Amino acid sequence: QVQLVETGGGLVQAGGSLRLSCTASIRTFATYAMGWFRQAPGKEREYVGAISWSGLRTSYADSGKGRFTLSKDGPKNTMYLQMNSLKPEDTAVYYCAAHSTGALRYTYAYDDWGQGTQVTVSS
């Protein structure tokens, strides 16, 4: 089981930036594909993006393309989500997850989840 801890959330004005971090508890973190999801109040958890185990391949939901960037630092067991040009509609709790099996954009493909970090974008 992988334990994940997200940090870096906060309150930012529209147009601003935040970098979220997701740190894993185990050294084999480098062998996992990882994903970011978010959940706004009253809405379902939705896919934000994912990064391959090597860190060389990334994919993004349309909502974040051109604004969000995923990266991994294997030796630090940490994944990052750089979010630029933030919009009020990006307000949500952001979760990182370790991929198990299945398509990366679906929550059922992930076994281990962090506790989430709140991102609030004011207009």
Could you list the GluC sites (Glu not before Pro) in the stretch 24-98 that lie in coil according to DSSP, counting only those with at most 16 other Cβ atoms within 10 Å of their Cβ? 44
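What number, in percent, do you get for the relative contact order of the chain if the mean sequence gap of Cα pairs under 8 Å and at least 6 apart is divided by its residue count? All intermediate terms of the calculation are to be shown ahead of the outcome.
Working: 312 pairs, mean separation 43.3, N = 123.
Worked out over the chain, it gives 35 percent.
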Can you spot the aspartates and glutamates whose alpha carbon is less than 13 Å from residue 43's alpha carbon? Ignore those fewer than 8 places along the same chain. 89, 90
Could you give the semi-axes, largest first, of the ellipsoid that matches the stretch 78-122, computed as the square roots of 5 times the alpha carbon gyration tensor eigenvalues and rounded to whole Å? 23, 11, 10
Charge dipole of the chain about the Cα centre (unit charges at C-beta), most positive-ward option of 12, 123, 74: 74
Take the Cα pairs of the stretch 1-53, get the Kirkwood Rh, then feed it into Stokes-Einstein at 4 °C and 1.567 mPa s and tell me D in µm²/s. 99
Let me know the Kirkwood hydrodynamic radius for the chain, please, with Cα pairs as the basis and the value in Å to one decimal. 14.1
Candidates 104, 11, 81: whichever shows maximal mean-square fluctuation once the chain is modelled as a Gaussian network with Cα springs under 10 Å: 11
With every protein chain kept in place and ligands, DNA and RNA left out, what is the accessible area per residue of the chain? Probe 1.4 Å, answer in Å². 52
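I need the trypsin sites (Lys or Arg not before Pro) found in the stretch 1-69, filtered to DSSP loop residues with at most 10 other beta carbons within 10 Å of theirs.
Values: sites: 19, 27, 38, 43, 45, 57, 65, 67; in loops: 43, 45, 57, 65, 67.
Sites meeting the loop and neighbour criteria: 43, 65.
The values are calculated or read from the model by the stated rules, or taken from the named source; none is laboratory data. Everything numeric in this text was worked out from a predicted model, so none of it was measured. So basically every Cβ, Gly included, is an ideal-geometry build from the backbone, and we count neighbours across all protein chains shown. What goes into the accessible areas is simple: the full protein's heavy atoms, side chains included, and nothing from ligands, DNA or RNA. Shrake-Rupley method; radii C 1.70, N 1.55, O 1.52, S 1.80 Å.
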